[in-house]
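Enquirer: To start, I am sharing the structure in question, which I have written as structure tokens.
The values are calculated or read from the model by the stated rules, or taken from the named source; none is laboratory data. None of these values were measured; they are calculated from a predicted model. Note that each Cβ is placed from the backbone with ideal geometry, even for glycine, and that neighbours are counted across all protein chains shown. Calculation scope for accessible area: heavy atoms of the full protein, side chains included, ligands and nucleic acids excluded. Shrake-Rupley method; radii C 1.70, N 1.55, O 1.52, S 1.80 Å.
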Amino acid sequence: MGVGDWSKARLVHTLTWDADWVTAVAWTGKYLAAGNNLGEILVWDTADLTSRTPVPIRQLVGHTNCITRLVSTSDGPALISASYDRSICLWDLAVAPSGRQVKIVLNARALAEASRRNASRKPPAPLEVQVHQQEPALTWREHRDWVQALALSRDETWLISGDDSGLVILRERGTGRIIRQWTTRGWVYALALAPDKKHAFVSERVPLVFDSGRYDAAKVWNLDTCQPVLDLSKDFKGMYLSTALYSPDGKWLAVGRGGEVDGPNGKVFILDPVTGKRTRELSPGHLYGLTDMLLYPDGEHLFTCGRDTLIRIWHVPSGKLVRELGQSRGGQFKDWIHAIALSPDGRWLAAGDMAGAVQLWQLAE
């Protein structure tokens, strides 16, 4: 798809799930998964999005705290989740769930709020669904603290994860066998694996506001020696880089500024991964900080989202802003978007927000 081909992109479905903030989303094959702040994961069958709004069909049970990241294989059916409960789970969505069937009310919070505000007025109808529970195929518990960062290699054979103790673990995706591990000084905030699997980008932070212990760093690490080969910390001093990804050919590295950023400074910086030189800056940035980004299959277009409740589409080679999806609702406490994901065919975009909803945008007919 070329520049401007998203002129007809439109919001088609809103999947309500207001138990808590939706913090992570991922598409794997025909399934869409979303995780929330409570450690819950729901799965929708999205095989037919043009004629109906999908409903959840599975609940993945195994985590006990906030889901921070969901990643998936491009053709399905593997889904990997990371959590504040210090664990990483691997789920096989090709397997029929063997757990019990349970009822979930998707708008429970809206019902409770309506009842509190006006007890005399009839509350909205409950949105009830029956889902089958499924347990993980594998669970890895080597992390010592909240697991904030998770990424797959481009060939999807390696998985890298990082936690708030500074521990970074590189493992085989299928078996979980640990290939390398090392410890950074700060909390691991964002990770990206180079396509050749020789290097990894790691951003760190210790977000202490009124303390001299505040710390931030950004480095490229050699995966054979587990030593940094490029230190970008001075170039991004005072910034928390919340997201990162390499181009498919490894010739550029994109990093996004997150955290509670003043003004429209939640920007994406395009870097030379060998020298660290900034080759492009995507502006304007997201108001109050960028939360997630992904690369379109053409390798040239970048999708970003932020606390301003906007999704932006960028053409990386030119640095041009192609399209904005959604409307800014005024700030970081107005249901900001936590995470975005593309369907395998690139036709649909999912966005999970703190209001407890997953928005489905149709990008192409």
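Enquirer: Does the range 277-321 hold any residues that are under 18 Å from Ser247 (Cα atoms) and in contact with a Cys (Cβ under 7 Å, 6 or more places away or on another chain), and which are they?
Expert: Within the range 277-321, just Asp292 meets the criteria.
Enquirer: Of all strands (runs of 3 or more DSSP E) completely enclosed by the range 214-271, which ones contain at least 2 residues that are closer than 26 Å to Glu172 by Cα?
Expert: Output list reads 215-222, 227-231, 240-246, 253-258.
Enquirer: So which residues in the range 155-171 are open to solvent by less than 10 Å² (accessible area, probe 1.4 Å) and within 19 Å of the chain's Cα centre (by Cα), if there are any at all?
Expert: Passing the criteria: Leu159, Ile160, Ser161, Gly162, Asp163, Val168, Ile169, Leu170.
For (1) surrounded by fewer than 16 Cβ atoms within 10 Å (Cβ to Cβ); (2) more than 24 Å from Met239 (Cβ to Cβ), each residue gets a yes or a no:
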| site | (1), (2) |
| --- | --- |
| Leu282 | no, no |
| Gly289 | no, no |
| Gly306 | no, no |
| Arg312 | no, no |
| Leu321 | yes, no |
| Gly326 | no, yes |
| Ala339 | no, no |
| Met354 | no, no |
| Val358 | no, yes |
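Enquirer: Identify, by number, the condition in (1) surrounded by 15 or more Cβ atoms within 10 Å (Cβ to Cβ); (2) part of a loop (DSSP other than H, G, I, E, B); (3) among the charged types (D, E, K, R) that Arg121 doesn't meet.
Expert: (1)
Enquirer: Related question: Assuming Ala355 fulfils every condition listed in (1) free of Cβ contacts under 8 Å to residues at least 40 places away in the same chain; (2) assigned to a loop (DSSP other than H, G, I, E, B); (3) at negative phi apart from one, which condition is it?
Expert: Evaluating Ala355 over (1) free of Cβ contacts under 8 Å to residues at least 40 places away in the same chain; (2) assigned to a loop (DSSP other than H, G, I, E, B); (3) at negative phi leaves (1) as the failure.
Enquirer: Give me the pairs, please: first residue somewhere in the range 70-85 and without any contact (Cβ under 8 Å) to a residue 24 or more places away in the chain and crowded, with 24+ Cβ neighbours inside 10 Å, second residue anywhere and outside any loop (DSSP other than H, G, I, E, B) and among the small types (Gly, Ala, Ser), beta-carbon distance under 7 Å, and either six or more positions apart or on two chains.
Expert: Taking only residues 6 or more apart or on different chains, not a single pair turns up.
Enquirer: Six or more apart or on different chains, Cβ atoms under 6 Å: show the pairs whose first residue is in the range 306-321 and modelled with pLDDT under 95 and whose second is surrounded by 23 or more Cβ atoms within 10 Å (Cβ to Cβ) and aromatic (Phe, Trp, Tyr).
Expert: Arg307/Tyr288; Arg307/Trp336; Thr309/Trp336
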